[in-house]
Amino acid sequence: MKDAPNYKEALEEIEAIVEEIENETVDVDVLSEKVKRAAYLIRHCREKLRKTDDEIRKVLEDFEKEEKAGAGDD
Amino acid sequence: MSKALSLFELNQLIRTVLENSLPDTFLVTAEIASCDVKNHCYLSLVDKEEDTIRAEIKAVIWAGRYKEIAEIFEKETGARLSKGIKILFQATVSFHERYGLKLTINNIDPSYTVGELAVKRREILERLVKEGLIDKNKGLEFPLVPQRIGIISSSTAAGYEDLMTHLTNNAYGYKFVTTLYEAVMQGDRAEASIISALGQCAAEAVRLDVIVIVRGGGGQLDLQCFDSYEIGKAIALLPLPVISGIGHQRDVTVTDEVSHSRAKTPTAVADMLITKIRDFEDRIDSLAHAMVHGVRHLTLDMKEGLSALSRKLEIATGNKLLGNFHLLNTFVKGLQYSLRYILNEQQKLAGRESNINHLNPVNILKRGYSITYNNGKAVKAASGVKINDTLRTVLHEGELLSRVEGRQSDKRIRGNKDKKTDGTANLKLYD
């Protein structure tokens, strides 16, 4: 799992996760992880469509910080 | 040897011979080798066999005719009178004593050139087909998100400006990273310039998603440079898909044919790119929607599963509890019964106790009765007592010792109120 996959890789990963969820083959224990990952990828793609590489890097760094902060709360 | 002529005389002779012996006009086909317009249009015309020039001549279109001829020609063919163009023209052969032999072009038939251009284009296309190049660029996968655009154009071209404006101001706020590969887009130098720009794109292919070729203004002219085998081949061999936006309504050029996609105007090229990205984002959006829906569904299912379980559990425990309750009830009832029984018994016992209390000698003594003992035995009949026996009488409080002086053995106390004794008792208080 790359943190900054290209559009194709991101789309394929999102599609796989959504398919798992729709087919209800996703393990309930990892559901939250998968949803988080897909949400990250969707956000990453949407950001990337509208920002330059530098801006994207900044956004990703912020996101990682948020993630870490979130993980600290757990 | 006859008299020598002056050069002028000779040239005058040549001019007279030519003008007298040749028809007024000829229909001639030739290829333009060069074209120079300085008020009048001066041309160099050649006739080639393969690539070898086998005939050449100077020609002129006088300014008075040139404007009309050029206008019609360009309108009909989409090409300018320029190098490489083949023309069918009506000309007069003329000879000038100083300027020599030349053709004066009176008219040009554009339909010949149109045909020639079509033939040339067809030949190039056939060659590209034969060499397996024609569909090579079309075979490339078009990027999911064409965001990094290599643009082959002239920075001063109106088409380039249109493209940039549309890409920059797209309605969705998509960011395009564009790189201009400057090229001459018309005239003799266009072909080499475009091929060079394509070469630069190929070298920088890793940081590009797609190549766009856009031309200047919306005119129909100078498209013949795009009917080039070399450009076609360069596009075919590019590792990136090419969008041709050279803008024309006439027959498609070789560049159009060999490119991955084509659009009529630079604006249409921009729309194509924006739409492609919008398609991608639509997919992402619908996936996001599907995920939210799916997760909701999934968690709802889980919740329902849980509440079904919980209901089952409730029912199960309810049954068990109910059973226990019945059992408890029975217990309680039994217990109540037992308690009542016990209470009853207690009351009975209490009753009995009071009876027993009545029987207690102490209580009898309280009522004034006394017990008389003779030698430790209660005296119940007078007959058992002798005169002078010492009797011990137990009262409610204290005891008396007395000596028997007499007795009446045949009389009972009960029913005899006038009790009579044998004598008087000598009573002695022990306390």
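The values are calculated or read from the model by the stated rules, or taken from the named source; none is laboratory data. This is a predicted model, so every value here is computed, not measured. Here Cβ is always computed from backbone atoms with ideal geometry, including for glycine, and neighbour counts include all displayed protein chains. Accessible surface is based on the protein model in full, side chains and every heavy atom, while ligands, DNA and RNA are left aside. Shrake-Rupley method; radii C 1.70, N 1.55, O 1.52, S 1.80 Å.
What does the helix-only formula give at 222 nm for chain B: each DSSP H stretch with n ≥ 4 adding -39500 (n - 2.57), the total divided by the residues, and the result rounded to the nearest 500 deg cm²/dmol? Display every interim value, and only then the final one.
On the way: 9 runs with 189 residues, N = 431.
After summing the helix terms and dividing by residue count, I get -15000 deg cm²/dmol.
Could you give me the ³J(HN,Hα) list for segment B:91-98, computed from phi with Karplus coefficients 6.51, -1.76, 1.60 and θ = phi - 60°, whole Hz, x at Gly and Pro?
9, 10, 8, 9, 10, 10, 4, 8
For B:GLU71 and A:GLU12, FRET efficiency with R0 = 45 Å and r from the beta-carbon atoms, rounded to 0.05?
Efficiency at R0 = 45 Å is approximately 0.20.
Sort A:TYR40, B:TYR42 by heavy-atom solvent-accessible area, probe 1.4 angstrom, most to least.
Largest to smallest exposure gives the sequence B:TYR42, A:TYR40.
If you place +1 on the Cβ of every Lys and Arg, -1 on the Cβ of every Asp and Glu, and leave all else neutral, what size is the dipole of chain B about its Cα centre, to the nearest 20 Debye?
Working: 57 positive and 53 negative charges, 1336 e Å.
Dipole about the Cα centre, nearest 20: 6420 debye.
At a probe radius of 1.4 Å, what is the per-residue accessible area of A:GLU15, in Å² to the nearest 10?
A:GLU15 has an accessible surface of roughly 70 Å² with all protein chains in place.
From the phi of every residue in segment B:373-386, what ³J(HN,Hα) in whole Hz does the Karplus formula 6.51 cos²θ - 1.76 cosθ + 1.60 yield, where θ is phi - 60° and glycine or proline is x?
10, 10, 6, x, 10, 5, 8, 10, 9, 5, 5, x, 10, 9
If you restrict to DSSP beta bridges whose two residues both lie in chain B, what percentage is antiparallel, to the nearest 5?
70 percent
Enumerate the amide H contacts of B:TYR181 below 5 Å, restricted to partners 5 or more residues apart or on another chain; note that Pro and chain-start residues carry no placed amide H.
Residues meeting the criterion, in which the H sits 1.01 Å from N, are B:ILE151, B:ILE152, B:SER153.
Enumerate the whole-percent occupancy of each 5 Å bin, from 0 to the last occupied one, for all C-alpha pair distances of segment B:199-341.
Per 5 Å bin, starting at zero, the Cα-Cα P(r) for segment B:199-341 comes out as 2, 8, 10, 10, 9, 6, 5, 4, 4, 4, 4, 4, 3, 3, 3, 3, 3, 3, 3, 3, 2, 2, 1, 1, 0 percent.
Quick check: residue separation of B:MET302 and B:SER286 times 0.36 nm, minus the Cα distance between them. What number comes out in nm?
Working: separation 16, 0.36 × 16 = 5.76 nm, distance 2.37 nm.
Gain on stretching B:MET302 to B:SER286: 3.4 nm.
Heavy-atom accessible area of A:ASP62 with all protein chains present, probe 1.4 Å, nearest 10 Å²?
Counting only protein heavy atoms, the figure is 60 Å².
Looking at segment B:144-214, which GluC sites (Glu not before Pro) are in a loop (DSSP not H, G, I, E or B) and have at most 16 other Cβ atoms within 10 Å?
Passing both the DSSP loop test and the Cβ count: B:GLU204.
In nm, to one decimal, how far is the A:ALA39 label point from the B:TYR369 one, both placed 7 Å along Cα→Cβ?
Here the modelled spin labels are 10.0 nm apart.
Could you run the Karplus curve 6.51 cos²θ - 1.76 cosθ + 1.60 with θ = phi - 60° over segment A:19-35 and give me ³J(HN,Hα) per residue in whole Hz, x for Gly and Pro?
Per-residue couplings from phi come out as 4, 4, 5, 5, 7, 6, 9, 6, 6, 4, 5, 9, 3, 4, 4, 5, 4 Hz.
Modelled label-to-label distance, B:LEU10 and A:ARG50, 7 Å Cα→beta-carbon offset: nm?
Between B:LEU10 and A:ARG50, the simple spin-label model gives 8.4 nm.
Which part of segment B:40-78 falls in the paramagnetic zone of B:THR92, meaning amide N under 12 Å from the point 7 Å along Cα-to-beta-carbon?
Of the residues in segment B:40-78, B:62 have backbone N under 12 Å from the label point off B:THR92.
How much length would be gained if the chain were fully extended between B:LYS138 and B:ARG189, taking 0.36 nm per residue of separation minus their Cα-Cα distance, in nm to one decimal?
15.7 nm
With springs only between Cα atoms under 10 Å apart, run a GNM on chain B and tell me which of B:THR52, B:THR265, B:THR390 wobbles the most.
Greatest mean-square fluctuation among the candidates belongs to B:THR390.
Which value in Å does the Kirkwood hydrodynamic radius of segment B:10-96 take, with 1/r averaged over all unlike C-alpha pairs and then inverted? Let's see the in-between values first.
Working: mean 1/r = 0.0704 Å⁻¹.
Answer for segment B:10-96: a Kirkwood hydrodynamic radius of 14.2 Å.
Taking chain B as the reference, fit the longest principal axis to its C-alpha atoms, fit the long axis of helix B:110-130 to the helix C-alpha atoms, and give the angle between the two in degrees, 0 to 90, nearest 10.
The helix B:110-130 is inclined about 50 degrees to chain B.
Sorting B:ARG122, B:ARG392, B:ARG283 by accessible area (1.4 Å probe), largest first, what list results?
Reading off the accessible areas and sorting them downward yields B:ARG122, B:ARG283, B:ARG392.
How much length would be gained if the chain were fully extended between B:ALA378 and B:GLN336, taking 0.36 nm per residue of separation minus their Cα-Cα distance, in nm to one decimal?
That pair, B:ALA378 and B:GLN336, stretches by 10.3 nm at full extension.
Which whole-number value in Å³ per residue fits the convex hull of the alpha carbons of segment B:91-240?
With only Cα atoms used, segment B:91-240 gives 161 Å³ per residue.
Using R₀ = 25 Å, calculate the FRET efficiency as 1/(1 + (r/R₀)^6) where r is the Cβ-Cβ separation of B:ARG207 and B:ASP271; round to 0.05.
0.55
Would you mind checking which residues have amide H under 5 Å from B:LEU400's amide H? H placed 1.01 Å from N; only 5 or more apart, or other chain.
Result for B:LEU400 returns B:THR393, B:VAL394, B:LEU395.
Grab the other residues whose beta carbon is less than 13 angstrom from that of B:LEU88, score K and R as +1, D and E as -1, and report the net. Kindly include the intermediate steps, with their values, before the conclusion.
Details: positive: B:LYS86; negative: B:GLU31, B:ASP47, B:GLU76, B:ASP109, B:GLU116.
So the environment of B:LEU88 carries a net charge of -4.
Rounded to the nearest whole Å³, what is the per residue volume of the convex hull around the Cα atoms of segment B:143-224?
97 Å³
Treating each Cα of segment B:372-412 as an identical point scatterer and ignoring solvent, apply the Debye formula and state log10 I(q)/I(0) at q = 0.15, 0.19, 0.32 Å⁻¹.
So the normalised log intensities are -0.34, -0.53, -1.17.
Can you give me the solvent accessible area of B:MET272 with a 1.4 Å probe, rounded to the nearest 10 Å²?
B:MET272 has an accessible surface of roughly 60 Å² with all protein chains in place.
With the other protein chains left in place, how much accessible area per residue, in square angstrom, belongs to chain B at a 1.4 angstrom probe?
Normalised by residue count, the accessible surface of chain B is 62 Å².
Compute the normalised compactness of chain B: alpha-carbon radius of gyration over 2.2 N^0.38 Å, N being the residue count.
Normalised by 2.2 N^0.38 Å, the Cα Rg of chain B equals 3.16.
Restricting the count to DSSP beta bridges whose residues both fall in the protein assembly as shown, what percent are antiparallel, rounded to a multiple of 5?
70 percent
How much of the accessible area of chain B, probe 1.4 Å, is carbon plus sulfur, in whole percent?
Heavy-atom surface of chain B belonging to carbon and sulfur, 1.4 Å probe: 55 percent.
Could you work out how far helix B:266-359 tilts from the main Cα principal axis of chain B, as a 0 to 90 degree angle to the nearest 10?
It works out to around 0 degrees.
Tell me the relative contact order for chain B as a rounded percent, counting alpha carbon contacts under 8 Å between residues six or more apart.
10 percent
If N is the number of residues in the protein assembly as shown, what value comes out of its Cα radius of gyration divided by 2.2 N^0.38 Å?
Relative to the rule-of-thumb radius for its length, the protein assembly as shown sits at 2.76.
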